[in-house]
1. Please go through the range 261-297 and pick out each residue that is more than 19 Å from Pro228 (Cα to Cα), of a type in the set (A, V, I, L, M, F, W, C) and touching a strand residue (DSSP E or B) at 6+ places or on another chain (Cβ under 9 Å).
2. Every residue in the range 120-161 that is of a type in the set (Gly, Ala, Ser) and in contact (Cβ under 8 Å) with a residue 12 or more places away in the chain, please.
3. Going through the range 244-257 one residue at a time, which ones are modelled with pLDDT of 90 or more and in a helix (DSSP H, G or I)?
4. Kindly indicate whether Gln215 is over 29 Å from Val154 (Cα atoms) and of a type in the set (S, T, N, Q).
5. Could you list, ordered by first residue, the pairs with Cβ atoms under 7 Å in which the first is in the range 163-183 and among the β-branched types (Val, Ile, Thr) and the second is modelled with pLDDT of 95 or more and assigned to a helix (DSSP H, G or I), at least 6 apart or interchain?
6. Residue by residue through the range 89-142, note down the ones that are at pLDDT below 90 and of a type in the set (Lys, Arg).
7. Of the residues Pro101, Pro135, Pro123, Pro53, only one is under 22 Å from the mean Cα position of the chain (by Cα), over 28 Å from Pro247 (Cα atoms) and of a type outside the set (A, V, I, L, M); which?
8. For Gly143, all conditions in the list (1) under 13 Å from Tyr35 (Cβ atoms); (2) over 21 Å from the mean Cα position of the chain (by Cα) hold save one; what is the number of the exception?
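The values are calculated or read from the model by the stated rules, or taken from the named source; none is laboratory data. Bear in mind the structure is a predicted one, so any value in this text is a computation, not a measurement. Virtual Cβ from ideal backbone geometry, glycine too; neighbours counted across all protein chains shown.
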Amino acid sequence: MTSKDTRLRVAIVGSGIAGLAAARILREKHDVTVYERGEPSVATGGQGIANFPNSTHILESMGFDYKRVGSVELDGWNSVDKHGKYLHSIDYNMRERYGAPLVSHLRMDFRTELWSSEAGYCPAGDLGLDASTTPATTLWNNGAVNLDPKDGLVTLEDGVRDSPEILVADGIHSRLRNKILREPISAQKTGLTCCRVTVSAERVEQALEHRVADQVKLWELRDLEPLPTWTSGRAVLIGDAAHAMTPMQGQGSNMATEDADDLRLLTQPGVTRDSVPEVLNVVESVRRPRARRCSRIRELRPISPARLIDMRNSMKTAHTPAYWASSSNKPQRPEFGEHISRGTIATFMLRNPPSYLPH
Ligand SMILES: Cc1cc2nc3c(=O)[nH]c(=O)nc-3n(C[C@H](O)[C@H](O)[C@H](O)COP(=O)(O)OP(=O)(O)OC[C@H]3O[C@@H](n4cnc5c(N)ncnc54)[C@H](O)[C@@H]3O)c2cc1C
């Protein structure tokens, strides 16, 4: 049990993947409040999310329930161009190679599971938590408009909150990023467009044959140049606010989950309010190079998809999270994703794979 003097008051701005995953982890020891500008149903980004072993390891350690989410395990990937012409296939064997699966799920379902686990809707026991653990508080329709990283003040639409520790997880178009950087840096257009289609399991055969879909969405892709810093005083940027990258890496939400996991450093014995700025600097020192390496793939354009895959594979090295750094028994975390495509991406999301698909 955490003694009172080490219990921190953490404010998280944004209830996306980064904010909710961090809330789920930090509620294990601290008082956490999430401020979201939108309704509970808010869900930005793609229709489908693929989580690779680098994040499924973490999700499993948080009691994440694939069944409840309707996650589908992927064992391969086919890429085609916009005319349906076959480009390449990749066979995955993630469980065997990395000890955790590659799964795909609807983004909304993924986020709902994270929300349920931080807000206390999932029984604490299912999450591997002590029953006495306090759920986080999530406040909707109350966007943050300013922050003071030195004193730990967040200004919301309805007034100022005193909340010493602040995680800024307000996404790619972050309004608060510049309060930490003190200079205006925003995500730039990449010139790429991503198209994602959703097809129900019943209609997948028809969809493949006639190229029809239940839902089609287009994104004009943007990303962020590596930022000079992520921290200022008692505040830190996480998720897309810190390292928005294109979906080519399939790693945005995976990196957001890793960010949250590395913030576990704040739950370690000996962390006090006074040491928070130093701890956030350590987290940044681990996270920033890692995200930089992941987003670096964008710099490799224009190269053929096969070359990109080679380049990515050659970057494979295990990553040691900040809170394991001093441990003699360092678990290895697999390197990021296994697929890269250029140009238009079409992804079919299958909630329940039909029996005629190979298993
Ligand atoms: C088409 C597409 C496909 C993708 N596919 C994948 C994939 O397969 N795998 C993968 O890992 N990643 C994928 N990504 C990337 C992934 O969606 C993002 O990296 C991830 O959503 C980032 O999470 P986040 O929490 O940082 O930001 P977001 O999910 O954008 O959440 C930010 C939250 O902050 C709230 N907010 C914003 N401003 C304020 C404010 N001032 N005050 C309060 N709240 C605020 C927003 O309403 C939102 O709820 C994809 C992205 C796109 C666009």
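1. Across the range 261-297, the qualifying residues are Leu263, Leu266, Val276.
2. Taking the range 120-161 and keeping what is of a type in the set (Gly, Ala, Ser), we get 120, 124-125, 128, 131-132, 136, 143-144, 152, 159.
Selection gives Gly120, Gly128, Ser132, Ala136, Gly143, Ala144, Gly152.
3. Correct list: Gly252, Ser253, Asn254, Met255, Ala256, Thr257.
4. On the way: over 29 Å from Val154 (Cα atoms): yes; of a type in the set (S, T, N, Q): yes.
Yes, satisfied.
5. The qualifying pairs are Val168/Arg177; Val168/Ile180; Val168/Ala241; Ile172/Asp240.
6. Within the range 89-142, Arg95, Arg97, Arg107 qualify.
7. Working: Pro101 fails: over 28 Å from Pro247 (Cα atoms); Pro123 fails: under 22 Å from the mean Cα position of the chain (by Cα); Pro53 fails: over 28 Å from Pro247 (Cα atoms).
Selected residue: Pro135, the only one of Pro101, Pro135, Pro123, Pro53 that is under 22 Å from the mean Cα position of the chain (by Cα), over 28 Å from Pro247 (Cα atoms) and of a type outside the set (A, V, I, L, M).
8. With (1) under 13 Å from Tyr35 (Cβ atoms); (2) over 21 Å from the mean Cα position of the chain (by Cα) applied to Gly143, the lone miss is (2).
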